[in-house]
Amino acid sequence: MTTRPFPQDPMIRAIITQARQAQLNRRTLLTGAGAGASALALAACSTSGPQAKPTPAADESASDKSLNWANWAAYIDEDDDGNYPTLEAFQEETGIAVNYEVAVDDNNTYYGKVKDQLALGQDIGADLVCLTDWMIARWIRFGYAQELDHGNIPNVANLTPSLRDVDFDPGRTMSLPWQGGFAGICWNKEAVPGGLASVSDLWHADLKGRVGVLSEMRDTMGLLMLENGVDISGSWGDDEYSEAIELLRQQVADGQVRNIKGNSYLEDLKSEDTLAAICWSGDITVINAEAGDKWEFAIPTAGGTLWNDNFLVPIGSPRKANAEALINYYYEPEVAAEVAAWVNFITPVVGAQEAAAAIDPELAENQLIFPNEETLSNAYVFRALDGAEEQKYQAEFQSILLGS
């Protein structure tokens, strides 16, 4: 890469400096085992909503300049000292003190921990959460989210047009995207020098007992169904799902699949307990920066899944205006570009690609952050499930997870 002089603009200079540091020094990810069986079972049975929706908490943001933010691991920029540069800048700019907590390992386990409080309209200890489309849809459907005041989020104008009106949140009145990404396949390049091209390659005999899959049903099952020729965005039903679930069940029973985990799957890759896995796109950039350039990510030949994680203010949060201020800040293109330089997921902010070009032209061409039409043509959104489907399909998937 050619070294170029820094621009004179101090903001761009700061972004470049922080982004280059971030690429070399990534935070050590959470360690530990996957989700507990009891929490997962609880979450799996939680698809029917309450009879009466809870009432939003009174907003105390004017007198309480604080905010609790629950997010996934490796999902914000971080410097050498473990600080979050963009978050520190937000706190200095607004005077709002932010407690950033890496609290989400997967959607179901997090929901299982807080669903009873949500049903009662209580404060769950988070004023802002980032969860995946389908889980956000559940919170909205059950009345567990507060309506956003777009007047406090003028930068919502920078939201990419394709995400402005979604079926689970028309007009984006309850949620706004944080980052998006792909689920695909990855492998240890030293142990699998020939690489992988398809999900079927995970079933090779020389990988027996060294394969991991995600505990997010839509990503793991989505990839298996795509491999079977199913358009997961279109019309499919029990037969197509059953064919894929039986394949997974067999691979687990035969010992081909070693682990089914949420975000902690990265620790299995780093320890080489697993040599290949169904994984999330940006994560592989993170562990390559942390532990050496040992892993490769690819969207399988049959296609990968495409998803978004979204900001949402829980029903019991008393600090909604503070949360809206933070969302607005992260929708500034320069800030979005700085985060993208670290997390390597798809940013939803118009103008971020141009800001990223000022950091590094190669960054602005990264298909995991700014995918073009060709890349997107091989990525599919898992279609929306009704309540009965969600309960049935999740329970079948959960039975494999609990038995693994």
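Please state which one of Arg258, Arg319 is crowded, with 20+ Cβ neighbours inside 10 Å, within 25 Å of Leu128 (Cα to Cα), among the basic types (Lys, Arg) and more than 19 Å from the chain's Cα centre (by Cα). It is Arg319. Taken together, Trp187, Trp203, Trp280 contain a single residue that is among the hydrophobic types (A, V, I, L, M, F, W, C), under 21 Å from Trp307 (Cβ atoms) and out of contact with any Ser or Thr (no Cβ under 6 Å at 6 or more places or on another chain), which is Trp280.
Is it fair to say Asn99 is in a helix (DSSP H, G or I) and closer than 27 Å to Tyr265 by Cβ? Answer is no for this residue.
Scanning segment 186-201 turns up one or more residues that are surrounded by 14 or more Cβ atoms within 10 Å (Cβ to Cβ) and in contact with a Cys (Cβ under 9 Å, 6 or more places away or on another chain). Within segment 162-182, the residues that satisfy the criterion of being part of a helix (DSSP H, G or I) and in contact (Cβ under 8 Å) with a residue 12 or more places away in the chain are Leu163, Arg172. Could you list, in sequence order, all residues of segment 283-321 that are over 25 Å from Ala341 (Cβ atoms) and among the basic types (Lys, Arg)? Once the filter is applied, which keeps residues that are over 25 Å from Ala341 (Cβ atoms) and among the basic types (Lys, Arg), segment 283-321 yields Arg319, Lys320. Could you list all residues from segment 102-131 that are open to solvent by less than 20 Å² (accessible area, probe 1.4 Å) and in contact with a helix residue (DSSP H, G or I) (Cβ under 7 Å, 6 or more places away or on another chain)? Answer for segment 102-131, where residues must be open to solvent by less than 20 Å² (accessible area, probe 1.4 Å) and in contact with a helix residue (DSSP H, G or I) (Cβ under 7 Å, 6 or more places away or on another chain): Val104, Asn107, Asn108, Thr109, Tyr111, Gly112, Asp127, Leu128, Leu131. For segment 283-299, which residues satisfy the criterion of being surrounded by 23 or more Cβ atoms within 10 Å (Cβ to Cβ) and of a type outside the set (A, V, I, L, M, F, W, C)? Answer for segment 283-299, where residues must be surrounded by 23 or more Cβ atoms within 10 Å (Cβ to Cβ) and of a type outside the set (A, V, I, L, M, F, W, C): just Asp283. Among residues of segment 373-398 that are surrounded by fewer than 18 Cβ atoms within 10 Å (Cβ to Cβ), those with a Cβ under 6 angstrom from a residue that is assigned to a helix (DSSP H, G or I), sequence gap 6+ or separate chain, pair up as Ala395/Ala44. Just one of (1) surrounded by fewer than 24 Cβ atoms within 10 Å (Cβ to Cβ); (2) in contact with an Asp or Glu (Cβ under 8 Å, 6 or more places away or on another chain); (3) under 23 Å from Tyr75 (Cβ atoms) fails for Asn228. It is (3).
Residue-by-condition table, conditions (1) polar (S, T, N, Q); (2) part of a loop (DSSP other than H, G, I, E, B); (3) modelled with pLDDT under 90:
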{"residue": "Glu362", "(1), (2), (3)": "no, no, no"}
{"residue": "Asn366", "(1), (2), (3)": "yes, yes, no"}
{"residue": "Pro371", "(1), (2), (3)": "no, yes, no"}
{"residue": "Glu374", "(1), (2), (3)": "no, no, no"}
{"residue": "Arg383", "(1), (2), (3)": "no, yes, no"}
{"residue": "Ala388", "(1), (2), (3)": "no, no, no"}
{"residue": "Lys392", "(1), (2), (3)": "no, no, no"}
{"residue": "Ala395", "(1), (2), (3)": "no, no, no"}
{"residue": "Leu401", "(1), (2), (3)": "no, no, yes"}
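Taken over segment 183-203, residues that are closer than 18 Å to Gln256 by Cα, outside any helix (DSSP H, G or I) and over 17 Å from the mean Cα position of the chain (by Cα) amount to 8. Exactly one residue out of Val257, Val230 is closer than 19 Å to Pro300 by Cα and in contact with a strand residue (DSSP E or B) (Cβ under 6 Å, 6 or more places away or on another chain), and it is Val257. Among the residues here, Glu324 does not qualify as at negative phi and open to solvent by 30 Å² or more (accessible area, probe 1.4 Å).
The values are calculated or read from the model by the stated rules, or taken from the named source; none is laboratory data. Computed from a prediction, not measured in an experiment: that's the story for all the values here. As a convention, Cβ positions derive from the backbone with ideal geometry for all residues, glycine included, and neighbour counts pool all protein chains shown. Areas reflect the complete protein model, heavy atoms only, side chains present, ligands, DNA and RNA absent. Shrake-Rupley method; radii C 1.70, N 1.55, O 1.52, S 1.80 Å.
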